[in-house]
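A.B. asks: Pasting a structure here, questions to come.
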Amino acid sequence: MSRAARQALALRAAPPRDLHLERRADLLWIETQYLIPDPHQPRTEFDEATLEELGRSIAADGVLVPLRVRPADGANGMHMITDGERRFRAGQRVGVVEFPCMVEGADPDQAFLEAYSTSLHRDALSPVDAAVGMQRIREAFSLASDDEIAEKVKKSLGWVRQMNAVLSLDMETRRELRTRGEPVAIAVGLRAQDPKDRAATLVAIADLPSRDAKVEFISRVNEQRRAGVPIDEAIAAVRAAGAVSAAAASPSRPAHPGRTVVGRPARITLPFVWRRVGPDWWDVDVHPSVLATTRLAAQRSASASEWRDALCADLTAFRDASAAAPDGGQAWTGVVEALSALLDTVGAEVS
């Protein structure tokens with residue numbers, strides 16, 4: 001064990017501590033029992049694996065970066081940690097009984113701003129913690145506009161507006177987002193929903209494979225809700241149509257040998273979306289860009305069997321979308337009657 005580690009782990013006689021110390025940049029060794037985390041610390045989550053890793057580093061090399069603390073409370077001699085709680089937690093795990101500390105006389109609001117900025121620009125805050133901390137800074141420094149808060153925390157105006165979206169959510173949704181580690185884009189999508197709809201939507205997106213898939217799913221659910229579809233039916237329709245569109249997005253063609261697929265994950269886009277346009281009148285929006293026949297038409301050449309497969313895929317997508325539509329599938333029945341000759345040709349795949 002290194003000398004620094006032995007010094008960190010061994011209980012040494014600390015110099016007398018002035019309980020009313022107000023000067024900045026005074027370095028003291030303070031026993032663990034006289035240190036407490038700031039209850040208003042902007043960061044509320046600490047990854048267990050990284051704490052274990054940091055603890056092993058401290059056990060080997062000691063605490064290399066001092067904690068930053070406020071002057072001791074005159075009543076009990078406790079120093080509140082304004083920066084370095086992660087080091088403090090990791091050090092406690094490996095038996096550190098005394099920490100090097102920089103005592104700073106900053107007022108609580110300024111200390112919070114400094115700790116918040118440090119964590120924020122290290123990407124150490126969840127979107128919920130970042131939003132709550134931003135709101136505290138807005139109130140503490142009487143910042144009236146989004147531009148002022150953006151300048152104060154050195155972030156963009158768009159970022160501030162994303163944080164406003166997080167703050168507009170109910171507390172239960174915030175807790176769920178924090179627990180699951182969802183990105184801020186999910187909060188932005190959920191803002192448009194009624195609080196009673198958000199729990200069902202969060203359950204529905206839990207197993208989706210990517211951020212883009214979740215954002216697109218929420219967007220499609222919101223479209224259905226704006227058309228008056230109940231939340232459970234909207235989720236069911238989007239889930240069913242999303243599965244079909246993923247299969248219909250590209251007709252089967254042999255992959256290019258040796259070609260690696262790169263880029264962003266495929267977005268879920270529904271080829272057919274039902275929309276209410278009157279009390280008893282519904283219309284269907286068609287998105288040609290995700291139709292299998294549209295994609296095939298963009299290619300230089302295609303065989304008759306490829307055209308047949310693409311047509312089958314698009315008709316199947318329309319059939320399944322119609323099954324979840326408010327008219328009970330009458331649109332598909334009309335297609336069957338009008339295109340019976342075509343359906344006889346393409347075969348049983350869409351029957």
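Each reported figure results from applying straightforward, stated rules to the coordinates on display, with no laboratory input. These numbers were taken from a predicted model, which means no experiment stands behind them. Here the Cβ positions follow ideal geometry from the backbone for every residue, glycine too, while neighbour counts run over all protein chains shown.
A.B. asks: Under a plain spin-label model, where a point goes 7 Å from the Cα along Cα-to-Cβ, how far apart in nm are Val284 and Gln135?
C.D. replies: Result for the modelled spin labels: 4.4 nm.
A.B. asks: Right, another one. Measure off 7 Å from each Cα along the Cα-to-Cβ vector at Ala60 and Gln33, then give the distance between these two points in nanometres to one decimal.
C.D. replies: It works out to 3.2 nm between the two label points.
A.B. asks: Hey, could you get me the Stokes-Einstein D for region 144-220, Kirkwood radius over alpha-carbon pairs, 4 °C and 1.567 mPa s, rounded to whole µm² s⁻¹?
C.D. replies: 98 µm²/s
A.B. asks: Listed highest first by mean packing, meaning other Cβ atoms within 10 Å per residue, what order do 191-203, 306-318, 220-232 come in?
C.D. replies: 306-318, 220-232, 191-203
A.B. asks: Taking 0.36 nm per intervening residue step and subtracting the Cα-Cα distance, what contour gain separates Ala49 from Ala304 on full extension?
C.D. replies: Length difference between fully extended and current span is 86.2 nm.
A.B. asks: Calculate one ³J(HN,Hα) per residue across region 148-163 by plugging θ = phi - 60° into the Karplus curve 6.51 cos²θ - 1.76 cosθ + 1.60, and present them in order as whole Hz with x for glycine and proline.
C.D. replies: Couplings: 5, 5, 4, 5, 5, 9, 6, 10, 6, 5, x, 4, 4, 5, 5, 5 Hz.
A.B. asks: How far is it, in nm, from the label point at Ser145 to the one at Ala206 when both lie 7 Å from their Cα along the line to the Cβ?
C.D. replies: 4.4 nm
A.B. asks: Roughly speaking, what is the stretch gain from Ala297 to Arg89, that is 0.36 nm per residue apart minus the C-alpha to C-alpha distance, in nm to one decimal?
C.D. replies: Fully extending the segment from Ala297 to Arg89 adds 68.8 nm.
A.B. asks: Please report Phe272, Phe46 as a ranked list, fewest other C-beta atoms within 10 angstrom at the top and most at the bottom.
C.D. replies: Fewest-to-most Cβ neighbours within 10 Å comes out as Phe46, Phe272.
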